[in-house]
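For reference, the structure discussed in these notes is given below.
The values are calculated or read from the model by the stated rules, or taken from the named source; none is laboratory data. Bear in mind that the values here come from a model prediction, so they are computed numbers and not experimental data. Cβ coordinates were reconstructed from backbone atoms using ideal geometry, including for glycine residues, and neighbour counts include every protein chain displayed.
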Amino acid sequence: AELARTRFPLGELTKSEVREHARRLGLPVAEKPESQEICFVPDRDYVGFVERNASPAALKSGRVVDADGATLTQHPGIHRFTVGQRRGLGIGDGLARWVTRIDGATGTVHVGDQRALASRGLVAEQVRWAAGTPACEADGPVRVRIRHRHVPVTARLTHTGGDRVEAWFHEPASAVTPGQAAVFYRGDEVLGGGWIAAAL
């Protein structure tokens, strides 16, 4: 198994139990606030960080288009957008729109209404299984988490060959984003995970 050499020194303890032990031992980390930020971008200026550190070719400008392909505005770079984003689109016509897709090759940012964010499933690639072998479809549904704060959705896995899997959601999920991680669970057990290649 891929985790055969991994050691978990805290064993079966939950985060709250670890914090309680740290308090009991007088460790200052016991009261440390949760961090959801990227540690090397302390000022939260992600756009500035990318602009200072990426190659000019990576900062691809382009068009913001609607569902029909009509150009709504121009934008200075795709690094300023993420699927599911609603604010800061630079459109200014008062209509509620969300980023539904980003085409890195052309620099095109696609926007639509909230319904356009819904996906019936996903394709994951480079999937790795904690047990070393794929989760068995016959064992029933799994839960899939597609973002850090995302509530996992119930899905049926279909192996499509090699290290690829399709996860078909029981209910549509919003903002399934290629390039993000998908993690598969059964109960509290992590079965494995991979990289989202496409929304279905």
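Considering only residues in segment 91-149 that are over 20 Å from the mean Cα position of the chain (by Cα) and closer than 19 Å to Phe169 by Cα, the one that is surrounded by the most Cβ atoms within 10 Å (Cβ to Cβ) turns out to be Ala135. Looking at segment 158-165, is at least one residue among the hydroxyl-bearing types (Ser, Thr, Tyr), in contact with a helix residue (DSSP H, G or I) (Cβ under 8 Å, 6 or more places away or on another chain) and outside the structural domain of Val65 (by TED's automatic domain parsing)? Yes, there is a match, as at least one residue in segment 158-165 is among the hydroxyl-bearing types (Ser, Thr, Tyr), in contact with a helix residue (DSSP H, G or I) (Cβ under 8 Å, 6 or more places away or on another chain) and outside the structural domain of Val65 (by TED's automatic domain parsing).
Of all residues in segment 36-86, those being farther than 29 Å from Arg115 by Cα and not small (Gly, Ala, Ser) number 14. Number of residues in segment 159-181 that are of a type outside the set (D, E, K, R) and outside any strand (DSSP E or B): the value is 7.
For segment 150-197, give me each residue that is among the small types (Gly, Ala, Ser) and either crowded, with 17+ Cβ neighbours inside 10 Å or within 12 Å of the chain's Cα centre (by Cα) (or both). Talk me through it step by step, then tell me what you get.
So the first thing to find is which residues in segment 150-197 are among the small types (Gly, Ala, Ser), and the list is 155, 161-162, 167, 173-175, 179, 181-182, 187, 192-194, 197.
Correct list: Ala155, Ala167, Ala173, Ser174, Ala175, Gly179, Ala181, Ala182, Gly192, Gly193, Gly194, Ala197.
Against the criterion of being assigned to a helix (DSSP H, G or I), under 30 Å from Thr106 (Cα atoms) and without any contact (Cβ under 8 Å) to a residue 24 or more places away in the chain, Arg52 qualifies. Residues in segment 57-87 that are farther than 20 Å from Gly179 by Cβ and of a type in the set (Gly, Ala, Ser): how many? Counting residues in segment 57-87 that are farther than 20 Å from Gly179 by Cβ and of a type in the set (Gly, Ala, Ser) gives 3.
Among the residues making up segment 114-133, those that are part of a loop (DSSP other than H, G, I, E, B) and in contact (Cβ under 8 Å) with a residue 40 or more places away in the chain are Ala130, Ala131, Gly132.
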